[in-house]
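**Student:** Attaching a single structure in structure tokens format; questions to follow.
The values are calculated or read from the model by the stated rules, or taken from the named source; none is laboratory data. What you are looking at is a predicted structure, and each value in this text was computed from that prediction instead of being measured. For neighbour counting, all protein chains shown are included, and Cβ atoms are generated from backbone atoms with ideal geometry for every residue, glycine included.
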Amino acid sequence: MHAAPDALRIATTPQGKPYVEGVDALRFNVSHAQAYSLVALSRSHDIGCDIEDRFAAADVDRLGPLVLHPGEAEAVNRLHGQQRQDAFRRCWVRKEALLKAIGSGFLDDPRALGVEDSGWIVHERQIDANCTAAVAGRDAHCTWHLLTGAGLD
């Protein structure tokens, strides 16, 4: 399908997942952090992405029990200090990317879903010391399009 950009319409599912109306051959997802935006595209499968540049120790204690699968919680809770915060951020972006790919986001209980056992492929990248991104989809090959304040990375 070829269409002028102004003819394309973005809509959302009842769960809030965005899609391009009338274009089944393009799936996308977006996420942003303070200094970055992440765009994930697929021509064939549902896709989700997340990028995070936050999470303090208190966030791990407060949010971990609400979002981590028991196996994920065990792995994070074995760590301390900055390593624990970094591990939680990695778990969070992987989980949110997966939930967005599935289409439910956090409307489903995130504790019930272990990323490693989901059957989805999750690609992860450390963007900088305090920023991690992940893309979840069905395609083993993944191309990253990371936007920064200066443009494409």
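**Student:** Considering each of Ala11, Ala35 in turn, give the residue that is touching a residue at least 60 places away in the same chain (Cβ under 8 Å) and of a type outside the set (Val, Ile, Thr).
**Tutor:** Ala35
**Student:** Regarding the range 75-88, can at least one residue be identified that is in contact with a strand residue (DSSP E or B) (Cβ under 9 Å, 6 or more places away or on another chain), modelled with pLDDT of 90 or more, in a helix (DSSP H, G or I) and farther than 18 Å from Arg43 by Cα?
**Tutor:** Checked against the condition, which is being in contact with a strand residue (DSSP E or B) (Cβ under 9 Å, 6 or more places away or on another chain), modelled with pLDDT of 90 or more, in a helix (DSSP H, G or I) and farther than 18 Å from Arg43 by Cα, the range 75-88 yields at least one hit.
**Student:** Follow-up question, since we're still on this one. Restricting to the range 8-26, what's the tally of residues that are closer than 19 Å to Asp139 by Cβ, of a type in the set (A, V, I, L, M) and surrounded by fewer than 16 Cβ atoms within 10 Å (Cβ to Cβ)?
**Tutor:** 3
**Student:** Looking only at the range 27-69, count every residue that is surrounded by 14 or more Cβ atoms within 10 Å (Cβ to Cβ), touching a strand residue (DSSP E or B) at 6+ places or on another chain (Cβ under 6 Å) and assigned to a loop (DSSP other than H, G, I, E, B) and tell me the total.
**Tutor:** The number of residues fulfilling the criteria is 4.
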